[in-house]
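Written out below as structure tokens is the structure these notes cover.
The values are calculated or read from the model by the stated rules, or taken from the named source; none is laboratory data. All values reported here derive from a predicted model rather than from experimental measurement. So basically every Cβ, Gly included, is an ideal-geometry build from the backbone, and we count neighbours across all protein chains shown.
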Amino acid sequence: MATLLSEGRTVSKRVQDIDRYIGLRIRERRIMLGLTQQQLAELIGVAYQQEHKYEKGINRITAGRLADIARVLSVDIGYFFDGMNKEHSFKPTPQQRMLLELGRNFTALPREHQEAITHLTRSLARSGLGDDSDCDTAMENQATAA
């Protein structure tokens with residue numbers, strides 16, 4: 001499955017490590033921003049399946065498309081190549097996963113609920129509450145204040 005080049009070199013048709021790495025960096029940034037694959041696909045003007053193939057490194061990304069992806073994800077193109085020579089695999093911590101879920105659910109709430117939750121979390125963070133009984137009391141106080 002190799003193609004012979006004019007200088008006698010061969011190029012494998014299998015997915016190249018660089019393509020997988022760039023796809024991993026796209027996925028990493030997409031998740032950090034709380035975007036779904038479908039949302040990113042729409043923002044860069046491709047089908048969901050195409051975006052999925054970009055992230056898996058199955059399809060190569062043209063320079064122009066990579067520039068579009070960088071713009072949508074608010075990073076420089078160099079972001080996709082940073083740390084390429086190091087062993088890298090993004091594995092979100094449980095806290096990162098929880099924050100992502102929190103962000104997605106938060107945006108689906110009505111504005112007044114978002115404000116109430118923001119005030120509650122600010123109060124909890126300032127008071128350093130740690131156990132559930134204190135949290136219940138704080139939530140009750142917050143609910144009566146709102």
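Annotations for the structure displayed:
- Residues within the stretch 110-125 that are under 24 Å from the mean Cα position of the chain (by Cα) and modelled with pLDDT under 90, tallied: 1
- Residues of the stretch 104-122 that are of a type outside the set (Ser, Thr, Tyr) and either part of a loop (DSSP other than H, G, I, E, B) or loosely packed, with under 12 Cβ neighbours inside 10 Å (or both): Asn105, Ala108, Leu109, Pro110, Arg111, Glu112, Arg122.
- Selection within the stretch 1-42 - under 25 Å from Asp82 (Cβ atoms), at pLDDT 90 or above and over 14 Å from the mean Cα position of the chain (by Cα): Asp19, Arg20, Tyr21
- The combined condition, being part of a loop (DSSP other than H, G, I, E, B), within 13 Å of the chain's Cα centre (by Cα) and surrounded by 13 or more Cβ atoms within 10 Å (Cβ to Cβ), is not fulfilled by Leu99.
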